[in-house]
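Step one of this worksheet: look at the structure below.
The values are calculated or read from the model by the stated rules, or taken from the named source; none is laboratory data. Keep in mind that what you see is a predicted model, and the values were worked out from it rather than measured. Cβ atoms come from the backbone with ideal geometry, glycine included; neighbour counts cover every protein chain shown.
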């Protein structure tokens, strides 16, 4: 009993850790080579030495760009309170220049407790921005502009980018512009005047190496000794977990999982499913948790659909595939029936069904979305005459039929030819 | 400077002219030294004090004994290094002084390498003010060539000259055309700043045209110098605004001098053809991209304000060569030099963590630091990203390369999937399912390595093209034997 409640508490603790990006990325902030320290160095030099900087954070989605930036900003706000104000813009929301300037003015007003008027025009907002930059420069306060989805700001006339980067070239302002984007060529999208004003610093967020992953796993999954869980449960949990992590099979599973996508977000999702499948009765993690997590991510929905099909439906799918391999671009129910009849004439199988039964099976395949109508015209015609196309690939059909419980051998033979 | 110093010590009996020479010779080294403290007043470094530059006074004295003796240039250079090599990269205030001297926003008091162009513009404006005539000028050039900076200097110089010469100094209006919501607002800006007195309401353009077509009653209205930056934002489809703006200077009683700044060299020809017929084509001053010598000279000018030798001269030359070959953009050169200083700073910090001895070799920015900074600035992240992609995404890129080798340039996702499955099977790797294949294609699309088109219905019918060069993929993956055999 006690073990079960402890196990549930442990699960909750681990799950809350996995959903907290600042906890996760704190593990990566230790080494001096990491992106965290480089970013912190650049931003703190902007704050202390009052030199304006602009840089770009690049990396695939889910590699922790925003999380690391938030970590750095929180640390800097603690170190230098009242010397930094942060303005956040997003390319999906504030794409339009008018909207972006309005949002900048609104955020600046909120930070400095001024009244914001929604009626202010574009001119007023840009004058306000320039005036605020000058005032903050005199007061030695740095304004940090965070532009997420930076590549979306580069559409159109790029007025916002030009004004921000131009303001940073003047001596009276103290600001830093940080762009976050997942496109590697984000700075090639800029106009040449804007690109000339941009300082070409880029921080690349590459997928983590194996030792970083190991360090991350230890940091997240090992229970702390000073939590509400009793010490002996926690030590037992940790020893079992470490034996799982050291197992060769676990390393295989992890390598297999990360071979399709290796961002940190992807890894966290895997760990979440694994932690959720910890058996509360036994109370401790095991290798099977990770195996279930892997199989839940590697599902093939269409292949699983094949498992539920009847043999007649499999016949129809095979006929459709044979028609496709004969280079017949469009086919409908009638052509499928012809193929079906020809197969039976050739092989004398026992699965010869009447036309209306086949039509019923055909309709079931349509409902299950394994085949679909190839166009939306001809809705008045009956099902037999409308052309269809197959939504499942040859490979999937083959694998599905191989895995089928009692499939007649003739189907595999027909598919292979 | 050495020659002036020699003349000073040789000609002891001073005539008034020589006295002025001597005061001139002392003035020259002083201005670069005073300027940084003046420039620092808008901002304050956190840990700099007025006494943080103690070496300024010593430099003047230390230069003279070296230049008066006769030594070979190499010996002199090494002497310079050994005597003035007291730049300590561990001192934060000195590093911040270097970075500030190299920052784009610190404008030097005199602009070098643009004297010819500035002279031309200044002569033109001076002629206009003297004759009280209007005129238009078009300044063009690549970004980062010093156009806006020199226009500022010219306008200041013009006002000074007008005051000294007894002319009425013109009003200066600087507009950046990106700040205008619509292009016709520029006329409103000219009117509203009070430079032009206008009675009543109405379209500002009409007012200006009326004003300039009639002889002024009061002769006390000043000349107006309009500097319009980023002029191509005023180009509309019918090009009316730009045309009207330049036509303002052709009206009989016009009193405005218009200087337009843009990047396109042929803006005046392409967008203002009608001015040719009125014989009022604007004068075009082209700002060429900086050459290697010019960049080197500008960097040296900037670094002269510092009391120490910060850069090895070969490092500066490497930077100047590379930037001049690439674009001739001064901002890029300054940014590369700053990041070279940061590379040195990081190295010093690491060596301080490793060992505590004070090594003198680390004290200047050498060629390897500069090379590291240059490669960081000019390299694209594509190669690194491809090398660090997960295995299946790399296989997708390889199968795309093989598929597109035949001459086709795009295909649909379904075909790419077939090619991918074949590649996987030939290498005994289990391929992933179609839904995961699609999500991997989407990830590659987000990163800009492939381009995925739109498709209304089935996802498998989306068009796929490769946006990264085949040579890049080959280069990035050549280290892995698997892909080498794959790509053959």
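Quick notes on this one:
- Elements of the type helices (runs of 4 or more DSSP H) sitting completely within the stretch A:9-128 and holding at least 2 residues that are surrounded by fewer than 18 Cβ atoms within 10 Å (Cβ to Cβ) and assigned by TED's automatic domain parsing to the domain that holds residue A:171: these cover A:35-49, A:65-79, A:97-111.
- Only listed residue being more than 14 Å from chain A (Cβ to nearest Cβ), surrounded by fewer than 19 Cβ atoms within 10 Å (Cβ to Cβ) and within 34 Å of the chain's Cα centre (by Cα), chosen from B:384, B:368, B:410: B:368
- Here the condition is being within 13 Å of chain B (Cβ to nearest Cβ) and under 23 Å from the mean Cα position of the chain (by Cα); of A:213, A:253, A:220, it holds for A:213 alone.
- Filter pass, residue B:426 being in contact with a helix residue (DSSP H, G or I) (Cβ under 6 Å, 6 or more places away or on another chain), more than 8 Å from chain A (Cβ to nearest Cβ) and either free of Cβ contacts under 8 Å to residues at least 12 places away in the same chain or farther than 27 Å from residue B:381 by Cα (or both): no
- Sole residue being assigned to a helix (DSSP H, G or I) and either in contact with a strand residue (DSSP E or B) (Cβ under 6 Å, 6 or more places away or on another chain) or within 26 Å of residue A:67 (Cβ to Cβ) (or both), chosen from A:250, A:237: A:250
- Test: residue in the stretch A:154-174 that is within 9 Å of chain B (Cβ to nearest Cβ), surrounded by fewer than 19 Cβ atoms within 10 Å (Cβ to Cβ) and under 18 Å from residue B:231 (Cα atoms): yes
- Condition met for residue A:290 (within 23 Å of residue A:218 (Cα to Cα), crowded, with 20+ Cβ neighbours inside 10 Å and away from chain B (no Cβ under 14 Å)): yes
- Of all residue pairs spaced 6 or more apart or on separate chains, those with beta-carbon atoms under 7 Å, a first member in the stretch B:95-109 that is over 16 Å from residue B:153 (Cβ atoms) and more than 7 Å from chain A (Cβ to nearest Cβ) and a second member that is modelled with pLDDT of 80 or more and assigned to a loop (DSSP other than H, G, I, E, B) are B:97/B:306; B:98/B:306; B:98/B:310; B:101/B:305; B:101/B:306.
- Selection within the stretch B:444-466: residues that are under 34 Å from the mean Cα position of the chain (by Cα) and either in a helix (DSSP H, G or I) or free of Cβ contacts under 8 Å to residues at least 12 places away in the same chain (or both). The member of this set that is farthest from residue A:152 (Cα to Cα) is B:444.
- The listed residues are A:320, A:316, and the only one of them that is touching a strand residue (DSSP E or B) at 6+ places or on another chain (Cβ under 6 Å) and assigned by TED's automatic domain parsing to the domain that holds residue A:405 turns out to be A:320.
- Test result for residue A:390, surrounded by 15 or more Cβ atoms within 10 Å (Cβ to Cβ), under 26 Å from residue B:422 (Cβ atoms) and away from chain B (no Cβ under 14 Å): no
- Taking the listed residues B:389, B:374, the one that is part of a loop (DSSP other than H, G, I, E, B), farther than 30 Å from residue B:125 by Cβ, without any contact (Cβ under 8 Å) to a residue 60 or more places away in the chain and within 14 Å of another protein chain (Cβ to nearest Cβ) is B:389, with no other qualifying.
- From A:376, A:356, residue being loosely packed, with under 12 Cβ neighbours inside 10 Å, within 14 Å of another protein chain (Cβ to nearest Cβ) and out of contact with any strand residue (DSSP E or B) (no Cβ under 6 Å at 6 or more places or on another chain): A:376
- Being under 29 Å from residue A:200 (Cα atoms), in a helix (DSSP H, G or I), touching a residue at least 12 places away in the same chain (Cβ under 8 Å) and more than 14 Å from every other protein chain (Cβ to nearest Cβ) is a property that residue B:321 has.
- Within the stretch A:194-208, not a single residue is surrounded by fewer than 18 Cβ atoms within 10 Å (Cβ to Cβ), modelled with pLDDT under 90 and either facing chain B (nearest Cβ under 9 Å) or under 30 Å from residue A:238 (Cα atoms) (or both).
- Any hit, the stretch B:160-177, residues being within 11 Å of chain A (Cβ to nearest Cβ), surrounded by 21 or more Cβ atoms within 10 Å (Cβ to Cβ) and either without any contact (Cβ under 8 Å) to a residue 12 or more places away in the chain or closer than 27 Å to residue B:232 by Cα (or both): yes
- Filtering the stretch A:3-55 to residues that are touching a helix residue (DSSP H, G or I) at 6+ places or on another chain (Cβ under 8 Å), more than 19 Å from residue A:264 (Cα to Cα) and away from chain B (no Cβ under 14 Å) leaves A:3, A:6, A:10, A:11.
- Residue in the stretch B:214-237 that is part of a helix (DSSP H, G or I) and either at pLDDT below 80 or more than 28 Å from the chain's Cα centre (by Cα) (or both) present: no
- Residue match in the stretch A:135-157 (condition: more than 21 Å from residue A:69 (Cβ to Cβ), touching a strand residue (DSSP E or B) at 6+ places or on another chain (Cβ under 9 Å) and either modelled with pLDDT of 90 or more or part of a helix (DSSP H, G or I) (or both)): yes
- Filter result (at negative phi, out of contact with any helix residue (DSSP H, G or I) (no Cβ under 6 Å at 6 or more places or on another chain) and within 12 Å of chain B (Cβ to nearest Cβ)) within the stretch A:130-151: A:130, A:134, A:135, A:136, A:137, A:138, A:139, A:141
Per-residue answers, yes or no, for (1) surrounded by 15 or more Cβ atoms within 10 Å (Cβ to Cβ); (2) under 20 Å from residue A:415 (Cβ atoms); (3) at pLDDT 90 or above; (4) out of contact with any helix residue (DSSP H, G or I) (no Cβ under 8 Å at 6 or more places or on another chain):
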{"position": "A:308", "(1), (2), (3), (4)": "no, yes, no, yes"}
{"position": "A:322", "(1), (2), (3), (4)": "yes, yes, no, no"}
{"position": "A:330", "(1), (2), (3), (4)": "no, no, no, yes"}
{"position": "A:347", "(1), (2), (3), (4)": "no, yes, no, no"}
{"position": "A:360", "(1), (2), (3), (4)": "no, no, yes, yes"}
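- Those residues of the stretch B:252-290 which are free of Cβ contacts under 8 Å to residues at least 60 places away in the same chain, surrounded by 15 or more Cβ atoms within 10 Å (Cβ to Cβ) and part of a loop (DSSP other than H, G, I, E, B), in sequence order: B:272, B:281
- Some residue of the stretch B:423-436 being surrounded by 14 or more Cβ atoms within 10 Å (Cβ to Cβ) and in contact with a strand residue (DSSP E or B) (Cβ under 9 Å, 6 or more places away or on another chain): no
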